[in-house]
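The values are calculated or read from the model by the stated rules, or taken from the named source; none is laboratory data. All values reported here derive from a predicted model rather than from experimental measurement. Here Cβ is always computed from backbone atoms with ideal geometry, including for glycine, and neighbour counts include all displayed protein chains.
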Amino acid sequence: PIGVVRSPYTERFGTPRQPTVRSQTAGGGGLVGTIELRPDLAGTLGGLAGFDYCWVVAHMHMNTGWSRKITPPRGPRDAKHGVFATRAPHRPSQLALSALKVLAVDEAALTVTVQGLDLLDGTPILDIKPYVPYCDSFPDARAGWVDDLDGAGG
């Protein structure tokens, strides 16, 4: 890991799913937290403050199991999809991918303050990458079974 997240969430069941969607519909911005990098990574945050969002890859170290088929929280209760066709947090790789709003970057303290957290306090961070709209956004992309849901936004 390159560091850890400091988050207000301490229990898995109180942590939001899809916090950026919820915060957009609720009119808020989501909860704020901090990513703390290892001391040997000095000099790695230069330029990140110029980005509005970043991708954060994390290790969901508290997850102990996963299922091949998932019933998503949205849609029919009897509809099951393969884990790789869902955004379920319990996955065979235990990897999380979060798009977080960059609020502040402190290069001296090796911290990134972010908004829209969906990670537990102490979650190991594996990587940070800038969100670049021209290559990270696909406005006309199909969303599989999600497109069939009412109000899916797509």
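Being surrounded by fewer than 14 Cβ atoms within 10 Å (Cβ to Cβ) and touching a Ser or Thr at 6+ places or on another chain (Cβ under 9 Å) is the filter here, so list the residues in the stretch 120-152 that pass it.
GLY122 - this is the single residue of the stretch 120-152 that is surrounded by fewer than 14 Cβ atoms within 10 Å (Cβ to Cβ) and touching a Ser or Thr at 6+ places or on another chain (Cβ under 9 Å).
Please verify whether PRO92 is modelled with pLDDT under 95, surrounded by 15 or more Cβ atoms within 10 Å (Cβ to Cβ) and either in contact with a strand residue (DSSP E or B) (Cβ under 7 Å, 6 or more places away or on another chain) or not basic (Lys, Arg) (or both), treating the condition exactly as stated.
Details: modelled with pLDDT under 95: yes; surrounded by 15 or more Cβ atoms within 10 Å (Cβ to Cβ): no; either in contact with a strand residue (DSSP E or B) (Cβ under 7 Å, 6 or more places away or on another chain) or not basic (Lys, Arg) (or both): yes.
Criteria not met by PRO92.
What strands (runs of 3 or more DSSP E), lying completely within the stretch 71-134, carry at least 1 residues that are over 15 Å from VAL56 (Cβ atoms)?
Details: elements: 95-106, 111-115, 124-130.
Answer list for the stretch 71-134: 95-106.
Please work out which residue is farthest from SER98 (Cα to Cα), limiting yourself to the stretch 7-55 and to residues that are assigned to a strand (DSSP E or B) and either at pLDDT below 85 or in contact with a Lys or Arg (Cβ under 8 Å, 6 or more places away or on another chain) (or both).
To start, the set of residues in the stretch 7-55 that are assigned to a strand (DSSP E or B) comprises 32-37, 53-55.
With either at pLDDT below 85 or in contact with a Lys or Arg (Cβ under 8 Å, 6 or more places away or on another chain) (or both) added as a condition, the list becomes 33-36, 53-55.
Details: GLY33: 13, THR34: 14, ILE35: 12, GLU36: 16, TYR53: 10, CYS54: 8, TRP55: 6 Å.
In this case the residue turns out to be GLU36.
Go through the residues of the stretch 108-119 one by one and say whether even a single one is modelled with pLDDT under 95, acidic (Asp, Glu) and either surrounded by 15 or more Cβ atoms within 10 Å (Cβ to Cβ) or more than 13 Å from ASP52 (Cβ to Cβ) (or both).
Scanning the stretch 108-119, I find at least one residue that is modelled with pLDDT under 95, acidic (Asp, Glu) and either surrounded by 15 or more Cβ atoms within 10 Å (Cβ to Cβ) or more than 13 Å from ASP52 (Cβ to Cβ) (or both), so the answer is yes.
Condition first: within 22 Å of LEU120 (Cα to Cα) and either acidic (Asp, Glu) or assigned to a strand (DSSP E or B) (or both). Now tell me which residues in the stretch 56-69 satisfy that. Reasoning before the result, please.
Going through the stretch 56-69, the residues within 22 Å of LEU120 (Cα to Cα) turn out to be 56-67.
Listed by number, the residues that qualify are VAL56, VAL57, ALA58, HIS59.
Report every pair of residues separated by at least 6 positions or lying on different chains whose Cβ atoms are under 6 Å apart, first residue within the stretch 53-77 and within 12 Å of PRO89 (Cα to Cα), second part of a loop (DSSP other than H, G, I, E, B) and small (Gly, Ala, Ser).
ILE70/ALA88
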